Each structure stands twice: as structure tokens, then as C-alpha cells.
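Laboratory data are not the source of any read-out in this text; all were calculated from the coordinates shown. Note that the structure is predicted; figures quoted are calculated from it, not measured. Cβ placement follows ideal geometry from the backbone for every residue including glycine, while neighbour counts extend to all protein chains displayed.
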């Protein structure tokens, strides 16, 4: 697992998100790639983004990979409290508990 650079801020990240990072890292490694986290509590996101409260992170996708399958595999290893969304240039993973 690699953090893109010093602009990526981890302060305030939820522990549940760290678990998701570890799982995503395992999936990327299985496919022979390094997980690169590109945003956590930093960056510009929508006003209601979970990034700002430490409940979301973004990770790099690669043009030569099946990013849909990568997203699906990560989602399959997380529970229903996580959303895993393939964006145009990254995978967005967020912890958003579904209160039952």
C-alpha cells in the first residue's frame, strides 16, 4: 500500500476505513498491483462528501486492468456498510453504515 504523496491527509480517518484499505490492498496485490491511495480527508469533493469526516478514500485505477472486476472483488470482501464506486479515474470506497 502506498500513499500518493504528502498532499494526501489521513488525519481523522475512521478505523473502519483502515480495514477497507487493508482489504483493497490485498485485492490489488492479488492482481499484481500496488494500492495507491490518492485521497482521504483532503481534496475537493461534494459538500456532503464522506471524505471530510474520514469515512471515504480514493484509490488509483489502471488503464490495463479490469477495473470493474477490481471494484466488484473489493465490494465482495466488504460488508453492506461500505459503498465501492468506480469513478472515471479512481475507485471511491466509503464507510456509510446502513442502520437496520
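Quick notes
- Put a dot 7 Å past the Cα of residue 98, heading toward its Cβ, do the same for residue 33, and the two dots end up 2.6 nm apart.
- 222 nm mean residue ellipticity, helices alone, for the chain (DSSP H n ≥ 4; -39,500 (n - 2.57); rounded to 500): -8500 deg cm²/dmol
- Efficiency of FRET between residue 77 and residue 2 - r from beta-carbon atoms, R0 22 angstrom, step 0.05: 0.65
- As a rough footprinting exposure proxy, the listed residues 45, 90, 31 were ranked by other beta carbons within 10 Å of their own, and the order from fewest upward is 31, 45, 90.
- Take the convex hull of the alpha carbons in the chain; its mean projected area over all directions comes to 6.3 nm².
- What separates the Cα centres of the range 83-100 and the range 27-74 is a distance of 9 Å.
- One decimal place: the segment residue 65-residue 47 gains 3.4 nm when fully extended, by the rule 0.36 nm per residue minus the C-alpha distance.
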